[in-house]
1. Against the condition at pLDDT 75 or above and part of a helix (DSSP H, G or I), how does residue 74 come out, does it pass?
2. In region 105-132, what residues are in a helix (DSSP H, G or I) and surrounded by fewer than 18 Cβ atoms within 10 Å (Cβ to Cβ)?
3. Which of the residues that make up region 193-209 are touching a helix residue (DSSP H, G or I) at 6+ places or on another chain (Cβ under 8 Å) and part of a helix (DSSP H, G or I)?
4. Considering only residues that are in a loop (DSSP other than H, G, I, E, B) and either surrounded by fewer than 14 Cβ atoms within 10 Å (Cβ to Cβ) or in contact with a helix residue (DSSP H, G or I) (Cβ under 6 Å, 6 or more places away or on another chain) (or both), which ones fall in region 165-176?
5. Please indicate, with yes or no, whether at least one residue in region 79-86 is at pLDDT 80 or above, assigned to a helix (DSSP H, G or I), out of contact with any strand residue (DSSP E or B) (no Cβ under 7 Å at 6 or more places or on another chain) and surrounded by 10 or more Cβ atoms within 10 Å (Cβ to Cβ).
6. In the set 173, 178, 217, which member is assigned by TED's automatic domain parsing to the domain that holds residue 135 and over 34 Å from the mean Cα position of the chain (by Cα)?
7. Can residue 186 be described as touching a helix residue (DSSP H, G or I) at 6+ places or on another chain (Cβ under 7 Å), under 24 Å from residue 224 (Cα atoms) and crowded, with 16+ Cβ neighbours inside 10 Å?
């Protein structure tokens with residue numbers, strides 16, 4: 001009996017050792033898994049902290065940008081108010097300002113000649129009304145208009161006015177006319193108007209001519225309408241020769 005009991009006790013001891021050994025292995029495995037989970041949690045916490053810091057920086061940057069936008073909007077509103085004030089002042093000035101006698105004279109003469117008045121004392125006449133294409137010989141209706149201009153400039157109120165006559169062309173090259181180029185044609189047309197005004201009684205020393213060819217367009221030379229506007233003669237008031245006004 002004792003032998004059997006001893007054998008049974010020994011078996012139980014061995015069994016207990018085996019079970020204990022298995023539990024220890026499972027415990028170590030669980031501890032290792034727990035440590036891995038803790039490491040993953042710590043890594044996630046660091047990522048969350050980094051993301052929160054990035055969000056904070058972006059919010060700060062957004063706040064600074066919003067502040068800049070508000071300051072810029074304030075500047076825009078200020079300059080808009082200034083521009084509106086200046087525009088209003090200019091409109092008021094134009095309403096009360098009285099143009100000079102010469103400008104009044106030229107404005108009325110532009111209507112009488114069928115031309116366009118230009119601010120500053122100028123009259124624009126379309127070359128197609130004055131001349132045939134590629135020519136510098138004045139048409140009959142142009143001669144009649146210049147005759148009215150000559151009569152106006154012989155009046156006492158205009159006796160101290162001086163003129164510059166400018167010729168302008170489009171950019172089309174010269175093909176079937178005797179002129180070397182558009183500059184030559186524009187000079188010839190300005191001279192034709194000068195000669196006609198001299199013939200109608202304006203002293204030649206009160207006028208001079210200038211030809212600009214195609215180099216001072218007022219419209220697009222790529223279209224027929226633009227080229228027609230660019231072909232023109234302009235008559236401008238100018239200071240008396242030898243008198244220079246620096247605005248003093």
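1. Values: at pLDDT 75 or above: yes; part of a helix (DSSP H, G or I): yes.
Yes; evaluated as a whole, the condition is true for this residue.
2. If we filter region 105-132 for residues that are in a helix (DSSP H, G or I), which is where we start, we get 105-113, 127-130.
Scanning region 105-132 gives 107, 108, 111, 112, 128, 129.
3. Hits for region 193-209 are 193, 194, 196, 197, 198, 199, 204, 206.
4. Going residue by residue through region 165-176, those that are in a loop (DSSP other than H, G, I, E, B) are 169-176.
Residues satisfying the conditions are 169, 170, 173, 175, 176.
5. Our first condition is that a residue be at pLDDT 80 or above; within region 79-86, this holds for none.
Taking every residue of region 79-86 in turn, none turns out to be at pLDDT 80 or above, assigned to a helix (DSSP H, G or I), out of contact with any strand residue (DSSP E or B) (no Cβ under 7 Å at 6 or more places or on another chain) and surrounded by 10 or more Cβ atoms within 10 Å (Cβ to Cβ).
6. On the way: 173 fails: over 34 Å from the mean Cα position of the chain (by Cα); 217 fails: over 34 Å from the mean Cα position of the chain (by Cα).
Just one listed residue meets the conditions, 178.
7. Numbers: touching a helix residue (DSSP H, G or I) at 6+ places or on another chain (Cβ under 7 Å): no; under 24 Å from residue 224 (Cα atoms): yes; crowded, with 16+ Cβ neighbours inside 10 Å: yes.
In short, no.
The values are calculated or read from the model by the stated rules, or taken from the named source; none is laboratory data. Just so it is clear, the model here is predicted, and its values are computed rather than measured. In this analysis, Cβ positions are derived from the backbone assuming ideal geometry, glycine residues included, and neighbour counts consider all displayed protein chains.
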